[in-house]
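Remarks on the structure that follows.
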Amino acid sequence: MSRVLQMVEESSYLTIAKVAAITLVAIPVGLSIQRYFWRRDLRQKVWQRQTECQVAFKKLNDDLNSLNFDQEKLQAICDLPTSELKEGLQSGKYSALEVLAAYQTKAQNVTKRLNCVTEPILEAEADAKSLDEDTEKEGLLHGIPVSLKENYQLKGYDCTMGLVNLIGKLWEDDAVLIKVLKRQGAIPFVRTNIPQIMMTYECSNPIYGRTDNPFDASRTPGGSTGGEAALIAAGGSLIGFGSDIGGSIRVPSHFCGCYGLKTTLGRFSRKGTTSLSQGQTLVSGTIGPMARDLDGLVLATKAILCDYMYELDRSIPPLSFRDEIFQSKRPLKIGYYVNDGYLQSVPACQRAVMMAKTALEAQGHTVISFDPPDVPWMWTELYMKTVAGDGCRTFLEALQKDIPDDCVHMLLFSSKVPRWLIWCLKAIIGISTQDPVQTQSMTSLKGCRSVYEWWQQAKAVEAYKDKFLKKWSDLGLDGVICPVLACVAVPHGSVSSLLGAGTYSMLYNVLNYPAGSLPLTKVTSEDVQQLENYPDRRFFEKNIKKASEGSIGLPVNVQCVSLPFQEELVLRVMKEIETGLKSMGDH
Ligand SMILES: CCCCCCCC/C=C\CCCCCCCC(=O)NCC(=O)O
């Protein structure tokens, strides 16, 4: 009897063991199969999207061939500065259709080299034809083709922000800004590439791939409005639009040598632009124009600030473009700095600021030294902790069932590390990076833990704004000039090890000040030689120094800043610098 019982007991142990073993194998196998299928679905979605884009490009090409325009004339149109093209369109010297064909052809050629356009907007041809029938030609942008960052909602198109799951979610209406552009006679003609989730200075995603810098294909054009900057700088567009929550208009403009303007939150309507940060209202993303020349940047700003925008979005204060500020001859007092107290900018960026200073002085303005307060603290405790306020949950959720791009891997990893582990890692990493600010930024990625903490965060941001404004006002400043970033365009894949270089831009997102990015010079061999004296003790410094090797010939911009809602003053400072340089024979 006991033998029988023993056998039953043994067999039930065996059964349990078998079930346990099968479960242990089945669960991971099941999960792997599930994972295999959803990844296969995602890849299929990507493949379908890429095929659709190829078909659209092919259709565009066929349409262009059938129009049979003279190629030399088209190239000559693309070489015109904004003011001449505008005049030519207004006087009827050029038709909207031939200007469109010129830019469609050019953009197609540019994107073959740089992969900066995600897809053409095929409705553009009909828009151009109807503009050519219009005898009034009243719009400020009559017949000018404009390019749009992929996150601008356009009727019948999706905004993926590089997320495969958002492919095919088509918008039923245009963004307010697009409606205004069309009312002003502009023709949206291409959409441009972005980095996945738009939270880095790289420009790549698993749907549309990676965009290269027009000056050096081994480098990034910057992000997140990288496709725009590359296209404009390579001559494929005259005016475009981007968005900026940490430098995404100014940094790509600087990396590619074009013009950009981050506006004050509330100056342009953001209705109809897509972003994962919309629920985060402390350091808000804003939008703005980018252009090949300063006239284009001014024209685009004027065109948007019109009654029609205020009609479409009643939440925007009706503050039209104030020409009296832009054209004023009043002497200005401008502050400048080349070192923000965290990371010194590289010699080329310093030289550009000093060139701007000399140019302003030549124009009769006063330029004095200005030290922005507490920048390292502002970066980790205000900027990072706010933009990652929910502990990156929104970003992580969006990426969770998607294909993460290489450009988000580092941020993805850092934001997944639990808080307790960060404390341990901080000690180890702190020793190796020699930079407590950098290690603190990892904690900041954990965001705020409670509504109480979020309220404290809001208070801290307001207090910092007051402190900064007091310093500015005590000096009686009209504006500030400084680097856009601590370095120039960096190699692909290196951004996450250089993030601290972004404090120069991120500061003005925390403050919500309008800021322009003005191309001034190119890196010289002397600039590179002087890198010998650039510090290299800390992790970011080492990486900035390394990324700056071989940077001769890359563009260098200067950042021009003014107080909230003073976009006209920012543009005036940019104009004064350009005029000053021209008068000195330097531009
Ligand atoms: C992958 C999940 C982690 C996401 C981490 C989010 C928080 C990152 C904190 C700092 C990095 C900031 C880099 C800023 C780059 C410029 C972003 C920008 O201006 N985007 C424009 C826009 O969103 O419209």
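Counting only helices (runs of 4 or more DSSP H) that sit completely within the range 515-587, those holding 3 or more residues that are more than 29 Å from Ser320 (Cβ to Cβ) correspond to 525-530, 539-547.
Out of Ser284, Ser269, Ser224, Ser277, I need the residue that is crowded, with 24+ Cβ neighbours inside 10 Å and among the polar types (S, T, N, Q). Which one? Break it down stepwise before answering.
Values: Ser284 fails: crowded, with 24+ Cβ neighbours inside 10 Å; Ser269 fails: crowded, with 24+ Cβ neighbours inside 10 Å; Ser277 fails: crowded, with 24+ Cβ neighbours inside 10 Å.
Of Ser284, Ser269, Ser224, Ser277, the one residue that is crowded, with 24+ Cβ neighbours inside 10 Å and among the polar types (S, T, N, Q) is Ser224.
Of the residues contained in the range 346-364, one or more are found to be out of contact with any Gly (no Cβ under 7 Å at 6 or more places or on another chain), among the polar types (S, T, N, Q), more than 10 Å from the ligand (Cβ to nearest atom) and in contact (Cβ under 8 Å) with a residue 60 or more places away in the chain.
Scanning the range 302-344 for residues that are of a type in the set (Ser, Thr, Tyr), surrounded by fewer than 18 Cβ atoms within 10 Å (Cβ to Cβ) and in contact (Cβ under 8 Å) with a residue 60 or more places away in the chain returns Tyr308, Ser328.
Of all residues in the range 42-52, which are surrounded by 11 or more Cβ atoms within 10 Å (Cβ to Cβ) and not hydrophobic (A, V, I, L, M, F, W, C)? Across the range 42-52, the qualifying residues are Arg43, Gln44, Lys45, Gln48, Arg49, Gln50, Glu52. Among the residues that make up the range 540-558, is at least one of them closer than 20 Å to Leu360 by Cβ, hydrophobic (A, V, I, L, M, F, W, C) and open to solvent by less than 40 Å² (accessible area, probe 1.4 Å)? The answer is yes; a qualifying residue exists. Within the range 200-242, being of a type in the set (S, T, N, Q), more than 13 Å from Cys116 (Cα to Cα) and within 16 Å of the ligand (Cβ to nearest atom) holds for one residue alone: Thr200. When you look at Thr286, is it under 22 Å from Glu172 (Cα atoms) and within 13 Å of the ligand (Cβ to nearest atom), yes or no? For Thr286, the condition - under 22 Å from Glu172 (Cα atoms) and within 13 Å of the ligand (Cβ to nearest atom) - is not met. Does Leu485 satisfy being closer than 29 Å to Ile287 by Cα, without any contact (Cβ under 8 Å) to a residue 60 or more places away in the chain and within 16 Å of the ligand (Cβ to nearest atom)? Spelling it out, it is not the case that Leu485 is closer than 29 Å to Ile287 by Cα, without any contact (Cβ under 8 Å) to a residue 60 or more places away in the chain and within 16 Å of the ligand (Cβ to nearest atom). Of the helices (runs of 4 or more DSSP H) entirely within the range 232-318, those holding at least 1 residues that are closer than 14 Å to Ala515 by Cα and among the hydrophobic types (A, V, I, L, M, F, W, C) occupy 250-256, 294-304. Total residues in the range 387-438 satisfying the condition of being within 16 Å of the ligand (Cβ to nearest atom), open to solvent by 80 Å² or more (accessible area, probe 1.4 Å) and at pLDDT below 85: the figure is 0.
Residues being within 21 Å of Val46 (Cβ to Cβ) and assigned to a helix (DSSP H, G or I): count how many of those fall in the range 402-440. It would help to see each step written out before you state the result.
Of the range 402-440, the ones within 21 Å of Val46 (Cβ to Cβ) are 402-409, 412.
This time we only want the ones that are assigned to a helix (DSSP H, G or I), so: 406-409, 412.
So the answer is 5.
Every condition in (1) surrounded by 15 or more Cβ atoms within 10 Å (Cβ to Cβ); (2) in contact with a strand residue (DSSP E or B) (Cβ under 9 Å, 6 or more places away or on another chain); (3) touching a residue at least 60 places away in the same chain (Cβ under 8 Å) holds for Pro535 except the one numbered (1). The single condition among (1) closer than 26 Å to Val556 by Cα; (2) open to solvent by less than 10 Å² (accessible area, probe 1.4 Å) that His492 does not satisfy is (2). Picking from residues in the range 53-91 that are outside any helix (DSSP H, G or I) and either at pLDDT 95 or above or open to solvent by 70 Å² or more (accessible area, probe 1.4 Å) (or both), the one that is nearest to Asp293 (Cα to Cα) is Pro81. When residues in the range 92-102 are screened for being open to solvent by 20 Å² or more (accessible area, probe 1.4 Å) and among the hydrophobic types (A, V, I, L, M, F, W, C), 1 of them pass. Every condition in (1) in contact (Cβ under 8 Å) with a residue 40 or more places away in the chain; (2) away from the ligand (no atom under 16 Å from the Cβ) holds for Ser473 except the one numbered (1).
All conditions but one from (1) in contact with a Phe, Trp or Tyr (Cβ under 6 Å, 6 or more places away or on another chain); (2) crowded, with 19+ Cβ neighbours inside 10 Å; (3) not aliphatic (A, V, I, L, M) apply to Arg351; the one that does not is (1).
Go through the range 166-218 and count every residue that is open to solvent by less than 10 Å² (accessible area, probe 1.4 Å), in a strand (DSSP E or B) and over 22 Å from Arg49 (Cα atoms). Steps first, please.
We begin by selecting, within the range 166-218, every residue open to solvent by less than 10 Å² (accessible area, probe 1.4 Å); these are 175, 177-178, 180-181, 185-196, 203, 205, 207, 211, 213.
Next, only the ones that are in a strand (DSSP E or B) stay: 187-192, 205, 213.
This time we only want the ones that are over 22 Å from Arg49 (Cα atoms), so: 187, 213.
The total comes to 2.
Are there any pairs, at least 6 apart or on different chains, whose C-beta atoms fall under 9 Å, with the first in the range 222-236 and closer than 16 Å to Glu202 by Cβ and the second crowded, with 24+ Cβ neighbours inside 10 Å and acidic (Asp, Glu), and if so, which? These pairs meet every condition: Gly222/Glu202; Gly223/Glu202; Ser224/Glu202; Ser224/Asp244; Thr225/Asp244; Gly226/Glu202; Gly227/Glu150.
The values are calculated or read from the model by the stated rules, or taken from the named source; none is laboratory data. Because the structure is a prediction, the values reported are computed rather than measured. Here Cβ is always computed from backbone atoms with ideal geometry, including for glycine, and neighbour counts include all displayed protein chains. The area values use the complete protein model at the heavy-atom level, side chains included, leaving out ligands, DNA and RNA. Shrake-Rupley method; radii C 1.70, N 1.55, O 1.52, S 1.80 Å.
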